[in-house]
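Q: After the structure tokens below, expect a handful of questions from me.
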Amino acid sequence: LPNALPLIIDSLEDTGIYLIDNGQSIFLVIFNEAQCLYEVFGVETIDEVSNLEELPMYDELPANLRLHAIIAALRGNRGEAYQDVRILTPRSTPLESFFEETLVEEEYGGVDGYGNFLAYLHRMIQSK
């Protein structure tokens, strides 16, 4: 599997395609400027993938096959629970609200991220 990134917006580039696994679903997030659209999907523009309901498999595209293998490995770590893959693009989903709900290590609107929240809980337990 590729290296995992921290769940913060600064980890993401607007030229990439990212898999985000929240334990229930796997999200394939494709940014407007993704440079590898042709290698993964065989298309030139994001408009051609914005309406996809599922991830197509193209035997002639090695990057597409690798993506399917990574998804299979993620699913294999879950045992019996099957995770669907949702394809998200800026045209199909408001990515900002998705990131606010999903990137748990990020601070939003003055609310601490998950790591800071756990540190706060630890301090509260230690003070009792």
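The values are calculated or read from the model by the stated rules, or taken from the named source; none is laboratory data. Everything numeric here is computed off the predicted structure, so don't read it as measured data. Here the Cβ positions follow ideal geometry from the backbone for every residue, glycine too, while neighbour counts run over all protein chains shown. Heads up: the accessible areas ignore ligands, DNA and RNA and are worked out on the full protein's heavy atoms, side chains in. Shrake-Rupley method; radii C 1.70, N 1.55, O 1.52, S 1.80 Å.
Q: Which one of Leu61, Leu37, Leu52 is open to solvent by 20 Å² or more (accessible area, probe 1.4 Å) and modelled with pLDDT of 85 or more?
A: Working: Leu37 fails: open to solvent by 20 Å² or more (accessible area, probe 1.4 Å); Leu52 fails: modelled with pLDDT of 85 or more.
Leu61 is the lone residue from the list that is open to solvent by 20 Å² or more (accessible area, probe 1.4 Å) and modelled with pLDDT of 85 or more.
Q: So, of the residues in the range 18-34 that are within 14 Å of Arg91 (Cα to Cα) and at pLDDT 85 or above, which turns out to be surrounded by the fewest Cβ atoms within 10 Å (Cβ to Cβ)?
A: Looking at the filtered set, the residue picked out is Leu28.
Q: Confirm whether Glu100 is touching a strand residue (DSSP E or B) at 6+ places or on another chain (Cβ under 8 Å), at pLDDT below 85 and open to solvent by 90 Å² or more (accessible area, probe 1.4 Å).
A: In short, yes.
Q: Also, I was wondering about something else. Output the qualifying pairs, or none if there are none: Cβ atoms under 7 angstrom, residues six or more apart or on different chains, first residue in the range 25-44 and closer than 15 Å to Thr15 by Cα, second residue open to solvent by less than 20 Å² (accessible area, probe 1.4 Å) and hydroxyl-bearing (Ser, Thr, Tyr).
A: If the second residue must be open to solvent by less than 20 Å² (accessible area, probe 1.4 Å) and hydroxyl-bearing (Ser, Thr, Tyr), the pairs left are Ile30/Thr89.
Q: Filter the range 1-33 for residues that are under 20 Å from Ala69 (Cα atoms) and in a loop (DSSP other than H, G, I, E, B) and give the result.
A: The answer is Leu1, Pro2, Asn3, Ala4, Leu5, Gly16, Asn22, Gly23, Gln24.
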